[in-house]
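Trainee: Quick one: structure below, then a few questions.
The values are calculated or read from the model by the stated rules, or taken from the named source; none is laboratory data. Treat the numbers as computed from the prediction; the structure is a model and nothing was measured. Because the Cβ atoms are built from the backbone with ideal geometry, glycine has one as well, and the counts that use them run over all protein chains shown.
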Amino acid sequence: MSSELLDNALDLMRRLPPAQIEENLAGLIDLVPDLTEDLLSAVDQPLKIAYDAHAKRDYLLCDYNRDGDSYRSPWSNKYDPPIEDGDGGATPSAGLRAIEVQANEIFDIYRDLYFEGGVSSVYCWDLDEGFAAVVLIKKTQDQSKKGQPMKGTWDSIHVVEVKETKKTGHYKLTSTVMLSIETETEATGSVNLSGSLTRQEEKDFPVNDVNPHTINIGRMVEDMESKLRMTLEQIYFGKTKEVVSTLRNQLGNSELEKRKLLSNQIGSALGGKS
Amino acid sequence: MGDISNEEMVNIANGFLLAAPPGEFMEVVTDVRALLPNESMLNATAHATFREYNTEQMIQVSSPGHKHQVLITKHGEVGENNYIDPKGKQVLVFDHIKQEVTSSRPIAGELEGDLEPVRAAFEQEAQRYADEHYAPNGTVTVYAKKEGGQNVIVVAISSSKFNPHNFWNGRWRALWTISFKPGGQANLQGSLKVNVHYYEDGNVQLNTQTTKNATVPAAADPAAFAREVLKAISKVETTFHQSLDTSYNTMGDTTFKALRRALPITKNKIEWGRIRTYRMGQEIGK
């Protein structure tokens, strides 16, 4: 029953305006508080940035580095605010933490190469079989000039499940990229293009010294993110614009008819010549 | 962590309904009904919310017994669930819950007699404009009324395309109010709203809205007056549409590319076996 409700909630989130995603999620949680945990982990939200005073670096917040109301930094492995009681907050085992440190290092380089800025964070956790990791990247861009605001935000959320059998790694990747661009001009008023796309992929890679899990995950994320970037470009700046042009015809139907007639005439004239 | 009141829940639910993308209202209703602790919680406010959504969206319906389509709008509301079809000279009864016309009757005094020659002239020019720029997916409806000592013509245009099979829907709404006193200036106020939703394995939405103003001399001859106004409307809308296309290009060429490169500056994908050398290279460069 609960999973059916979650389906309704997720369907709703796929229809409500992405520009108001945080308010929509808050409203949804108010309606079905029993689904809170499920919703927080299933619904992607724009990533928030926090500052790690120990490591003097920014890191990203998500459900996977949260324990109660505290968040763990991937750089110092410490919780903010610190968790006094119990085990001090969930942290990966020593072996997993080593993988996590490596992953953060290489994705920091990846982020630099593709994003030339922004913030990245990777968090790992154990599964019954194998482990999982989430790779987060956030980049904002403000190109406002001469009174024309032009802002963009990119959020990558890549969740990968890793299982290893006899030197072969089996990787299941679910990637979401949230992209939001807004501008405002005197002529158009406010224009907001926001949303997200999600894709999944499952692959096997050999695992060895040259190709540890982190490198395999890196390759897979790079391929997936590059594909998503292309699709985002097609959908945002191609498809939605195409839909607008079916709603209103800028040129005018008479002009279109004229041009069609002309091109048919040219076509038959050429056909006659050959 | 207190529970919220039923009233607050209904407000949230109705807020969701009113935010439904074009063509997806019933899907949102289904989801929201299932998520409420009690389905019947929406009943008391259902009619009001459905009416608000349908009239705000300016739903297009077929005019019974006629070939044309007409819009369901607040400007055309002549009674509860009664909407005037000035072109077909009839009044439609519209069921907001089912979102369909249930019956119709001939007009009985709902048209503003004095203004009818002007309204008819505007209807003709507006139809010409809509045939040029909004066919085949758009509908135009023209109303006339007297308001606060002014004569008011309302030109409402709503154009929609639904393609749920391919996971997209869209609607363009233009609502122009022309206020004038005979022999004076006519003040034009336009509201333009465009919404597009794409949802295959995701949720992408374009939302844009703006208001525009213009003035046009109110010629005595209704046909000349209508022509001048529609010329002004056409100019404003063409500029808006042009600027929207330009914004698309700027967003795609500048901001998008500045967010994430297609490839690193090396012009090749990462050689993961040597990933750490990229960092070393940068440090040496420093």
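Trainee: Suppose we filter segment B:104-135 for residues that are at negative phi, over 19 Å from the mean Cα position of the chain (by Cα) and without any contact (Cβ under 8 Å) to a residue 24 or more places away in the chain; how many remain?
Mentor: 5
Trainee: Based on what the data block shows, is A:S120 of a type outside the set (D, E, K, R) and free of Cβ contacts under 8 Å to residues at least 40 places away in the same chain?
Mentor: No.
Trainee: Can you name the residue in segment B:120-175 that is in a loop (DSSP other than H, G, I, E, B) and surrounded by fewer than 17 Cβ atoms within 10 Å (Cβ to Cβ) and is also nearest to the other protein chains (Cβ to nearest Cβ) among such residues?
Mentor: So the residue we want is B:A135.
Trainee: Where the second residue is in a helix (DSSP H, G or I) and polar (S, T, N, Q) and the first is facing chain B (nearest Cβ under 9 Å) and lies in segment A:247-259, which pairs have Cβ atoms under 9 Å and are six or more apart or on separate chains?
Mentor: From segment A:247-259, the pairs are A:Q250/B:T238; A:Q250/B:Q242.
Trainee: Test of understanding: among A:L232, A:L228, which residue is within 9 Å of chain B (Cβ to nearest Cβ) and under 30 Å from B:W168 (Cβ atoms)?
Mentor: A:L232
Trainee: Suppose we keep only residues that are of a type in the set (D, E), in a strand (DSSP E or B) and within 13 Å of chain B (Cβ to nearest Cβ) within segment A:148-207. Which one would you say is surrounded by the most Cβ atoms within 10 Å (Cβ to Cβ)?
Mentor: A:D155
Trainee: Please specify each residue of segment A:54-72 satisfying the condition of being within 27 Å of A:L39 (Cβ to Cβ) and touching a residue at least 24 places away in the same chain (Cβ under 8 Å).
Mentor: Residues satisfying the conditions are A:D58, A:Y59, A:L60, A:C62, A:Y64, A:N65, A:R72.
Trainee: Look at B:G273 and say whether it is surrounded by fewer than 19 Cβ atoms within 10 Å (Cβ to Cβ), at pLDDT below 95, over 30 Å from the mean Cα position of the chain (by Cα) and facing chain A (nearest Cβ under 7 Å).
Mentor: Considered against the rule, which asks whether it is surrounded by fewer than 19 Cβ atoms within 10 Å (Cβ to Cβ), at pLDDT below 95, over 30 Å from the mean Cα position of the chain (by Cα) and facing chain A (nearest Cβ under 7 Å), B:G273 comes out as yes.
Trainee: Can you say whether B:T210 is over 20 Å from B:R119 (Cβ atoms), within 11 Å of chain A (Cβ to nearest Cβ) and over 18 Å from the mean Cα position of the chain (by Cα), as far as the supplied structure shows?
Mentor: No; evaluated as a whole, the condition is false for this residue.
Trainee: Go over the candidates B:E52, B:E80, B:E56, B:E7 one by one and state the one that is among the acidic types (D, E), surrounded by fewer than 18 Cβ atoms within 10 Å (Cβ to Cβ) and either within 27 Å of A:T36 (Cβ to Cβ) or within 14 Å of chain A (Cβ to nearest Cβ) (or both).
Mentor: Exactly one of B:E52, B:E80, B:E56, B:E7 is among the acidic types (D, E), surrounded by fewer than 18 Cβ atoms within 10 Å (Cβ to Cβ) and either within 27 Å of A:T36 (Cβ to Cβ) or within 14 Å of chain A (Cβ to nearest Cβ) (or both), namely B:E7.
Trainee: Would you call B:A219 surrounded by 15 or more Cβ atoms within 10 Å (Cβ to Cβ) and either touching a residue at least 60 places away in the same chain (Cβ under 8 Å) or part of a strand (DSSP E or B) (or both)?
Mentor: no
Trainee: Criterion first (facing another protein chain (nearest Cβ under 8 Å), assigned to a helix (DSSP H, G or I) and aliphatic (A, V, I, L, M)) does A:I217 satisfy it?
Mentor: Criteria not met by A:I217.
Trainee: Right, something else. Applying the selection to segment A:121-149, what residues are farther than 30 Å from B:S247 by Cβ and polar (S, T, N, Q)?
Mentor: Listed by number, the list holds a single entry, A:S121.
Trainee: Can I ask one more? Return the residues of segment B:235-250 that are surrounded by 15 or more Cβ atoms within 10 Å (Cβ to Cβ) and either more than 14 Å from every other protein chain (Cβ to nearest Cβ) or hydroxyl-bearing (S, T, Y) (or both); say none if nothing qualifies.
Mentor: B:T238, B:S243, B:S247, B:Y248, B:T250
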